[in-house]
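A.B. asks: One structure, as structure tokens, below. Some questions next.
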Amino acid sequence: ISMQIKELETAVGMPLFDRQGRKVSLTTGGEYMLVYARKMLALLKDAEDAAARLQRIETGKLMIGMVDTATYFIPALLSRFLEERKGIELVLQVGNRRNLIDWLNNSEVDIAIMGRPPSEMSTNSESFAANPLVFVASPEHPLAHVKGLRASDLRQQSFIVREQGSGTRTAMEAFFTQARFQPQFTMELQSNDAIKQAVKANLGLSFLSTHTIELELSTQQLCILDVHKTPVERAWNVVHMMTKTLSPAAEAFRHFVLENAQSHLAKQFGSHMP
């Protein structure tokens, strides 16, 4: 790798990395070259997809990005999808909504599975299932079994939230904006699993998709609060760039999700749907 880096720097005519002991970082020139390297890789992927389309084959690399919440059901769908498509090389990336927007824009994923689609860029977005969002608590929390709660009843409560850029956090903040108050955010965590552990320990309330809490509801480790105007209904979307022509593999996956995801979600999560 060191020899390849040295050859690349010689070819470019400038250093691409700063080396300070064991720490290596990109120079300004390296940052510029990284942008063009990503463009070249994206162009090469487009060429491979074009060749696959001409041959009408469902092979090659399929790059899918998804938000953390989608990891509770997309892997099972992917398993079904790949059962008869052994020639597809699958690459999965998991991040928050902001990550997915960057990956789509840089052609680092073919398709994104996310909630609210981006309005700041030209994408093709298709809804395939409902995504209900609810307030959750430990069964030991004082509000756990109270009926008919209003948003104002949550004013003095502590909330455990996702990081900035998360679609779930954005939806929760919109709910409280409509209720005209700012809740107390006492803990910020970057995964649904970490949030669930904190809520189970009765460290606060949170706001999560029902698709993330099936196990905890069935084992009575968490409960859904009965809050007026919840669940907040959002939708799951399959998204790709308008400027990108999907490969046969990506197109086949898109069709598979649109045709099968809703029934799969109903079967997997229907018993605890609010």
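The values are calculated or read from the model by the stated rules, or taken from the named source; none is laboratory data. Small disclaimer: the values here were computed from a predicted structure and weren't measured. Glycine gets a Cβ as well: all are built from the backbone with ideal geometry, and neighbour counts include every protein chain shown. For the accessible areas, the whole protein counts, side chains as well, though only heavy atoms, and no ligand, DNA or RNA atoms are used. Shrake-Rupley method; radii C 1.70, N 1.55, O 1.52, S 1.80 Å.
A.B. asks: Which fully enclosed helices (runs of 4 or more DSSP H) of segment 185-274 have 3 or more residues being in contact with a strand residue (DSSP E or B) (Cβ under 9 Å, 6 or more places away or on another chain) and either surrounded by fewer than 20 Cβ atoms within 10 Å (Cβ to Cβ) or hydrophobic (A, V, I, L, M, F, W, C) (or both)? Reasoning before the result, please.
C.D. replies: Details: elements: 192-200, 214-218, 248-269.
Correct list: 192-200, 248-269.
A.B. asks: Can you tell me which residue among 19, 38 is at pLDDT 80 or above, in a helix (DSSP H, G or I) and open to solvent by 50 Å² or more (accessible area, probe 1.4 Å)?
C.D. replies: 38
A.B. asks: Counting only residues that are more than 23 Å from residue 115 (Cα to Cα), of a type in the set (Ser, Thr, Tyr) and either touching a residue at least 40 places away in the same chain (Cβ under 8 Å) or assigned to a loop (DSSP other than H, G, I, E, B) (or both), how many does segment 151-179 have?
C.D. replies: 1
A.B. asks: Is there a residue being free of Cβ contacts under 8 Å to residues at least 24 places away in the same chain and either over 30 Å from residue 76 (Cβ atoms) or touching a Leu at 6+ places or on another chain (Cβ under 9 Å) (or both) anywhere in segment 201-211?
C.D. replies: no
A.B. asks: Give 88, 5, 113 a once-over and let me know the one that is of a type in the set (A, V, I, L, M) and within 30 Å of residue 215 (Cα to Cα). Can you show your working first?
C.D. replies: Details: 88 fails: within 30 Å of residue 215 (Cα to Cα); 5 fails: within 30 Å of residue 215 (Cα to Cα).
After applying the criteria, what remains is 113.
A.B. asks: With the requirement that a residue be in contact (Cβ under 8 Å) with a residue 24 or more places away in the chain, of a type in the set (Asp, Glu) and within 15 Å of residue 106 (Cβ to Cβ), what does segment 1-48 give you?
C.D. replies: 46
A.B. asks: Still on this structure, I have one more. Condition first: more than 21 Å from residue 226 (Cβ to Cβ), hydroxyl-bearing (Ser, Thr, Tyr) and open to solvent by 10 Å² or more (accessible area, probe 1.4 Å). Now tell me which residues in segment 160-184 satisfy that.
C.D. replies: Matches in segment 160-184: 170, 177.
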